Amino acid sequence: MTSLREPLNSMHKWSDIKILQSYRAIKPWCQLILEKLNPNFQKGEHRGIALLFPMEILFEKYVANCLRRDIKAPWQLTTQASSKYMANDQKGLNSCFQLKPDLLISKERKNHHILDTKWKLISSNENNFSIEQDDIYQLFAYGHKYLNGCGDMMLIYPKHHQFEIPLECFYLAEELRLWAIPFCIETGRMVTSEWVERFPSLS
């Protein structure tokens, strides 16, 4: 029973006998996890298994799960909405360049807010806050196609020491506003500021 409760104490019994040959590849990962080690791939001949995560997808799903905790009916949160396209043919029969914002908040079948997550580090001290121009173009298109050019949208970035306070909103059109908000991964919440007044679904 002791070995089941404390598997680390049994690691020394893991040998290369024939019956355990099939498990040889996972042994380094078991040691890494059980001993709470920090992997170092810079030197040495020890062989292990590479484990990579698409952080932009994990961040998007984590933010979505956290927002679902706070959004109450009649508001609805849709992930990866895909009902709009950038272009149509002359007859309006064929569409192309599908637009898929990460998060769409709606109420009673009307779109109210677009939120897009970005696993990027921006800085309050840098030129244009290190926000990529392509991301602004992307939100501009979302705003016109999903919100008819009127409403509030949000770019959500991970909070860090150079981005701890939400930026003042950008006006992409007279009635189309874009907010850049830091999201605290530890608490699972966005840093609040005046943007809260524009997003009743999140307040």
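Could you tell me whether F163 is farther than 19 Å from E56 by Cβ and touching a strand residue (DSSP E or B) at 6+ places or on another chain (Cβ under 8 Å)? No. Search the range 171-193 for residues being in contact (Cβ under 8 Å) with a residue 40 or more places away in the chain and under 13 Å from K118 (Cβ atoms), and hand back the single one that is farthest from the chain's Cα centre (by Cα). Ranking the candidates gives L178 first.
Please tell me if S123 is among the hydroxyl-bearing types (S, T, Y) and either assigned to a loop (DSSP other than H, G, I, E, B) or loosely packed, with under 11 Cβ neighbours inside 10 Å (or both). Against the criterion (among the hydroxyl-bearing types (S, T, Y) and either assigned to a loop (DSSP other than H, G, I, E, B) or loosely packed, with under 11 Cβ neighbours inside 10 Å (or both)), S123 qualifies. Of all residues in the range 98-118, those satisfying the criterion of being part of a strand (DSSP E or B) and either without any contact (Cβ under 8 Å) to a residue 40 or more places away in the chain or under 19 Å from K72 (Cα atoms) (or both) are Q98, L103, L104, I105, S106, K107, K110, N111, H112, H113, I114, L115. Residues in the range 57-70 that are touching a Leu at 6+ places or on another chain (Cβ under 9 Å) and either within 15 Å of P158 (Cα to Cα) or surrounded by 14 or more Cβ atoms within 10 Å (Cβ to Cβ) (or both): 5 in all. Scanning the range 71-106 for residues that are of a type in the set (G, A, S) and under 18 Å from M153 (Cβ atoms) yields A81, S82, S83, S106. Scanning the range 17-54 for residues that are among the charged types (D, E, K, R) and modelled with pLDDT of 75 or more turns up K18, R24, K27, E35. For the range 94-108, the tally of residues that are surrounded by fewer than 18 Cβ atoms within 10 Å (Cβ to Cβ) and either under 17 Å from L202 (Cβ atoms) or among the acidic types (D, E) (or both) stands at 3.
The values are calculated or read from the model by the stated rules, or taken from the named source; none is laboratory data. Everything numeric in this text was worked out from a predicted model, so none of it was measured. Glycine also receives a Cβ, built like all others from the backbone with ideal geometry; neighbour counts cover every protein chain displayed.
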